[in-house]
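One structure is given here, and the rest of the page talks about it.
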Amino acid sequence: MSLSFLRSRRRRRMAPVKAPRQLAAVTVEPSEMSEPGAILDIQNLRTTFRTDEGEVNAVDDISMTVRRGRTTCIVGESGSGKSATARSIIQVVDNPGLVEGGRILFRADPDGPVYDVAALSETGDGIRSIRGSQIGLIFQEPMSSLSPVHTIGNQIAEVLELHTELDERQIRERVIAELEAVGIPQPAERIDSYTFQLSGGMRQRAMIAMALIARPSLLIADEPTTALDVTTQAQILDLLAELKRELSMTMIFITHDLGVVAEIADDVVVMRHGKVVETGPVEQIFHDPQHPYTQELLASLPQRDVPTGRVAPPEPQSTPERVEVSGAVEEAVRHEETAGEPLLRIEGLRMEFDSVAGTMFSRREKKRIVAVNDVSLEIAAGSTLGLVGESGCGKTTLGRCVMRAYQPTAGRIHYDDGDHAVDLATLSTSELRPYRRLVRMVFQDPYGSLNPRMTVREVIGEPLRVAGIAQGSELDDRVESMLERVGLRRAMASRYPHAFSGGERQRIGIARALITDPKLVVADEAVSALDVSVRTQILELLSDLQEELGLTYLFISHDLSVVERICDRVAVMYYGNLVEEGPAASVFTDPQHGYTQALLSAVPIPDPRLRGTRPRIVYRPDEAA
Amino acid sequence: MLRFTVHRVLHVIPTLIIISIISFFIIQLPPGDFLTTQVAALEAQGESLDPAQLEALRIRYGIGEPFWVQYWKWITNIVLHGDFGLSFQYQRPVSDLISERLGLTVLLGLTTLLLTWAIALPAGVISAIKQHSPADYAISILGFVALAVPNFLAALALAYIGFRFFGQSVGGLFSAEYVNAPWSLARVLDLFGHLWIPVVVIALAGTAGIIRTTRANMLDELHKPYVTTARAKGLPEGRIIRKYPLRIALNPFVSTAGWNIPQIFDGEVIVATVLALGTTGPLLLGSLRSQDMYLAGGIILIIAVLTVVGTFISDLLLAAVDPRVRFGKA
């Protein structure tokens, strides 16, 4: 009795009680909206970040209109201000960002009042009554966007506690129903789980449930699928489209991926350097782009030939047809054999890890995780093998076994470059030393993989110095000529990594890998962290270097379009198993294994005309395994 | 949970045995023993002790015997009979000496700890939320000043102020007329009149570290995406901070909370000595100086045991508070 009294008092304290008055103060005439059918009208918005180096205009005087009931995609590369724009709408820009000027007119209800939400105080009750209840927000990384120490149910329920009068039991029921609606199995149990107990896709579903539970009229999704695997991304995109239709919402979708834009957008806004460069319906943006930057973005897209036909697009279906396929995962489908002498021949490679399962209170249950299960592969000298698969499939583990960062549990890794023929899997640390300079690695994260306290000269020269190959002026000379080779200037050698952009850093990483004249380069997601335009340049650099130096690449990536562009052969992995291997062209046009088919069907096609024309293939592994 | 607790207890036992051996070893380290110190003190006063009498004492306390024999006698008495031995200096059982000081020591320790937290945690949070504001700088400067001023100096200054402006007696936790008086309301009030000086001195010195840690932890957490998520739900700012970043920023305190238990017991040796407080601190110092080995060993052993127990409690608390620890994910 007394407890429920306290609870209701607390609720009242949390509820935005002063909202009506604050909203009344920012009400404007509906006629000031630039379009009568608009739900959101951004006029001359300026958002700046005040840093020690002065003001940065993240959003620089932009105007855009979001029409009710449609999906508006904001596209742009990193730093284009797309995220800052979205966050400015409900004034949750990260510190030290500030909405400096302009108006954001928001009309939740088609006949309701129009509020200028940019004029509201950012901590006041007025904006709080809109956040969560009328405008929902989904973020990129569901792991870090949800608190790790509260259950998902607790975090979702909070929205209802805040914006509704429901009691605790009703709230719990609503949350369970909402979790079910976003496709979380066993919602009555999952409601009490923590974020780290859910998979990435499930976390993002929970986030969507949180954003939608109060039935907002506008949903802002800020790169909601960027951190997800491609098949999970396809599921989340389908889910969002479905929910948007069911709840008759308007959606603002922010992404850097033009494929996703083509899949879901009605209207597109292209942003660059804090400015809007082009807006228009998706059809026009993709097939008749006006601005040179939009054309450049589109040109960087891989031109995928889709067998479903370009000539006369079939009738788009409202929901993509779902086709379920199944197949054994133990058996790999092999297309025709490799031509040429293999530089690397992997036979029956197996890598197991011990994992401590369960809670710390029942620690004894040790499980063995098979990260790589009996994989056999060949890479011909001078060719590129693409290793694809989703997170957790074992592709990185395989790469690290080749590098001998891991000691494989079983199997052989034959390396034969003509002069040396050896099984890398069984060598001891000291025996491996000569091969450390023949097999080199390029890492994913261009920020984390360079020591910030070493100059570029030291970073690139270190492998040579350690191997005792060169020193003094000879070392400097080799470092500088390598810098030129990867498209940087000699003079940059004395700078520190922080002075370089992401793409330049990746060039430094490549230079470090190539300085020892390696034969084999393992590139683990080497372009995944880069913007599309930079990515194209790095891929070109890699293939130029391959031709010049006769390199062999093991190219590990989750991005099928990249793999298709640069690889001679492709190997597809699924839960530690190799499921399909063959020449890139035949794997991509004629995938045999069910999982490969499902993977390819999940990749968004960057052409809005083909939207909904392909069946969505869902793979279910055979139970036998 | 039970399994974990049992597992931990099994770890605790050998640790305690080793600690007890080490503490006994350490108190035996200085050259000479209690008796030679006593003899020297007596000789300094111009007296002397009959060699036969000296030998009798030596046998009685087992001082001539090997280390392991002495240790075994000492530890079995403690474990089996709760008998920590006899203090040579006071000629009274060690357990009596400690227990009569325990109440005041714990009172001083707890009040100090609570005051430290009550000042430092809010100050740290405010200083993080209002980073680079005048409030932040003021808090940081005060914290550093409190940290930099030696405890005993601050204690002397405050004792002077107490004496000069409030007419209090210098030193001790009671005025002269109450020292041996039975407990009464007046005696309690008198106690609190004296208690504030050591509490303020010790608490203020402890705040700086906690303020800095809280501030740094909060600054890490405040800009995490989940805080923006909470904001996007429409939560009020105060509640966002209390429920999300503060909860995580407090983990280091939970995980070190147990370490305060031995600190509460040892009674702040230096300040307590300067102010002549009747806590265990001065007792420990005195016993170490006079090589009163059973008294010193007893106190050191209790502090060590409390450290182990405190760490054990911290482990359990952290698991209770942070699900990532509970489920073995962090």
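The alpha-carbon atoms of the protein assembly as shown, seen along their principal axes, cover 118, 80, 60 angstrom, with the largest extent given first. As a rough footprinting exposure proxy, the listed residues A:324, A:223 were ranked by other beta carbons within 10 Å of their own, and the order from fewest upward is A:324, A:223. Taking a point 7 Å out from the Cα of residue B:191 in the direction of its Cβ, the residues of segment B:275-291 whose backbone N falls within less than 15 Å of it are B:277-280.
For A:123-131, what's the mean count of beta carbons from other chains sitting within 10 Å of each residue's beta carbon? Could the numbers behind the result be given before it?
Numbers: counts 5, 2, 2, 0, 2, 6, 1, 1, 6.
For peptide A:123-131, the averaged partner shielding equals 3.
Counting Lys and Arg as +1 and Asp and Glu as -1, each charge on the Cβ, what is the dipole of segment B:173-249 about the Cα centre in debye, to the nearest 20?
Working: 10 positive and 5 negative charges, 135 e Å.
Using only the charged Cβ atoms, the result is roughly 640 debye.
When the charge dipole of the protein assembly as shown is built from unit charges on Cβ atoms (+1 for Lys and Arg, -1 for Asp and Glu) and taken about the Cα centre, the candidate among A:207, A:243, A:425 whose Cα reaches farthest toward its positive end is A:207. Exposure proxy for A:64, A:251, A:271, A:454: other Cβ atoms within 10 Å of each Cβ, ordered fewest to most, give A:454, A:64, A:251, A:271. A simple rule links phi to the HN-Hα coupling: the Karplus curve 6.51 cos²θ - 1.76 cosθ + 1.60 with θ = phi - 60°, which for segment A:613-618 gives 8, 9, x, 8, 8, 10 Hz, with x for Gly and Pro.
Expected output is a single nm value to one decimal: the length gained when fully extending between residue A:586 and residue A:169, i.e. 0.36 nm times separation in residues minus the C-alpha distance. What is it?
Values: separation 417, 0.36 × 417 = 150.12 nm, distance 5.61 nm.
Contour length minus Cα-Cα distance gives 144.5 nm.
When the inverse distances between all different Cα atoms of segment B:170-288 are averaged and flipped, the Kirkwood radius reads 17.7 angstrom.
Per-residue shielding of B:233-245, expressed as the average number of other chain Cβ atoms within 10 Å of the residue Cβ, stands at 6.
Non-local lysine pairs in the protein assembly as shown, meaning eight or more places apart or on different chains, with alpha-carbon distances under 20 Å, amount to 12. Once divided by 2.2 N^0.38 Å, the Cα radius of gyration of segment A:458-516 becomes 1.02. Set the Förster radius R0 to 35 Å, insert the Cβ-Cβ distance between residue A:299 and residue A:247 as r into 1/(1 + (r/R0)^6), and round the FRET efficiency to 0.05. According to the calculation, E is roughly 0.40. To the nearest 10 degrees, how steep is helix B:2-28 against the longest Cα principal axis of chain B, on a 0 to 90 scale? Orientation of helix B:2-28: about 40 degrees from the principal axis. Taking amide H atoms as placed 1.01 Å from N in the peptide plane, the amide H of residue B:84 lies under 5 Å from those of B:94, B:95, each 5 or more residues away in sequence or on another chain.
What percent do you get for the relative contact order of chain A when only Cα pairs under 8 Å and 6+ apart count? The partial results should precede the final answer.
Working: 1238 pairs, mean separation 95.7, N = 625.
After rounding, I find 15 percent.
Pairs of alpha-carbon atoms within less than 8 angstrom and 6+ residues apart define the contacts here; what relative contact order does segment B:95-279 have, in percent?
Details: 189 pairs, mean separation 72.7, N = 185.
Reported as a whole number, the value is 39 percent.
The Cα atoms of segment B:95-279 give a gyration tensor whose axes a ≥ b ≥ c have a/c of 1.5 or more with a/b greater than b/c, which makes the shape prolate. For chain B, the extents of the C-alpha atoms along the principal axes are 86, 57, 37 Å, listed from largest to smallest.
Between rounded, prolate and oblate, where does segment B:239-330 land on the alpha carbon gyration tensor, with a ≥ b ≥ c its root eigenvalues, rounded for a/c under 1.5, else prolate if a/b exceeds b/c? Can you show the working numbers first?
Numbers: a/c = 5.57, a/b = 2.24, b/c = 2.48.
Oblate shape, in that a/c is at least 1.5 and b/c is the bigger or equal ratio.
Gain on full extension, evaluated as 0.36 nm per residue between residue A:421 and residue A:376 minus their Cα-Cα distance, stands at 14.4 nm.
Where does chain B land at 222 nm, in deg cm²/dmol rounded to the nearest 500, when only DSSP H runs of n ≥ 4 count, each adding -39500 (n - 2.57), divided by all residues? Please report the intermediate quantities before stating the final value.
Details: 17 runs with 251 residues, N = 330.
Taking each H run of at least 4 residues, the total per residue is -25000 deg cm²/dmol.
Compared with the dominant principal axis of the Cα atoms in chain B, helix B:151-166 is inclined by about 90°.
Peptide B:316-322 has a mean of 1 when you count, residue by residue, the C-beta atoms of other protein chains within 10 Å of its C-beta. With each label modelled as a point 7 angstrom along the Cα→C-beta vector, the residue B:142-residue B:316 pair spans 3.6 nm. Annotation: amide H-H contacts under 5 Å for residue A:73 (H modelled 1.01 Å from N, sequence separation of 5 or more, or interchain): A:253, A:266, A:267, A:268, A:269. For the protein assembly as shown, the residue among B:258, B:234, B:201 whose Cα projects farthest onto the positive side of the dipole built from Cβ charges is B:201. Each of A:126, A:521, A:34 was placed along the dipole of chain A (beta-carbon charges, centred on the mean Cα), and the one lying farthest toward the positive end is A:126. Relative to the dominant Cα principal axis of chain B, helix B:134-148 is inclined by about 10°. Over the C-alpha trace of segment B:47-197, radius of gyration and Dmax come out as 23.8, 74 angstrom.
Hydrodynamic radius of segment A:508-603 by the Kirkwood approach over all distinct alpha-carbon pairs: 14.4 Å. As a calculated quantity, the FRET efficiency between residue B:68 and residue B:12 at R0 = 30 Å, using C-beta atoms, amounts to about 0.85.
Footprinting exposure proxy ranking of A:248, B:127, fewest other C-beta atoms within 10 angstrom first, gives A:248, B:127. In a fully extended conformation the segment linking residue A:44 and residue A:27 would gain 4.3 nm over its present Cα-Cα distance, using 0.36 nm per residue.
Evaluated over the Cα positions of segment A:364-473, the convex hull gives a direction-averaged projected area, one quarter of its surface, of 10.5 nm².
Placing unit charges on C-beta atoms (Lys and Arg positive, Asp and Glu negative, everything else neutral), compute the dipole magnitude of segment A:458-516 about its Cα centre in debye, rounded to 20. Don't skip to the end; give the middle numbers.
Details: 9 positive and 8 negative charges, 44 e Å.
Magnitude of the dipole: close to 220 debye.
What dipole magnitude, in Debye to the nearest 20, does the protein assembly as shown give about its Cα centre under +1 on Lys/Arg Cβ and -1 on Asp/Glu Cβ? Please list the in-between numbers first.
On the way: 92 positive and 109 negative charges, 593 e Å.
The dipole magnitude comes to about 2840 debye.
Could you work out the equivalent-ellipsoid semi-axes for segment B:150-240, taking the square root of 5 times each eigenvalue of the Cα gyration tensor, largest first, in whole Å?
Details: eigenvalues 406, 58, 19 Å².
Equivalent ellipsoid of segment B:150-240: 45, 17, 10 Å, largest first.
Compute a Gaussian network model of chain B, connecting alpha carbons closer than 10 Å, and tell me which residue from B:184, B:99, B:140 fluctuates the most. Among B:184, B:99, B:140, the largest mean-square fluctuation in the Gaussian network model of chain B belongs to B:184.
Contact order for chain B, expressed relative to its length and based on alpha carbon pairs under 8 Å spaced 6+ residues apart, stands at 25 percent. Taking the three principal axes of the alpha carbon atoms in segment A:81-210, the coordinate ranges are 46, 31, 23 Å, sorted in descending order. Size descriptors for segment A:1-147, from the alpha-carbon set: Rg then Dmax equal 17.0, 57 Å.
No value in this document is a laboratory result; all are computed from the given coordinates. The model shown is predicted, which means the values in this text are computed figures rather than measured ones. Quick reminder, even Gly has a Cβ in these numbers, built from the backbone with ideal geometry, and neighbours come from all protein chains shown.
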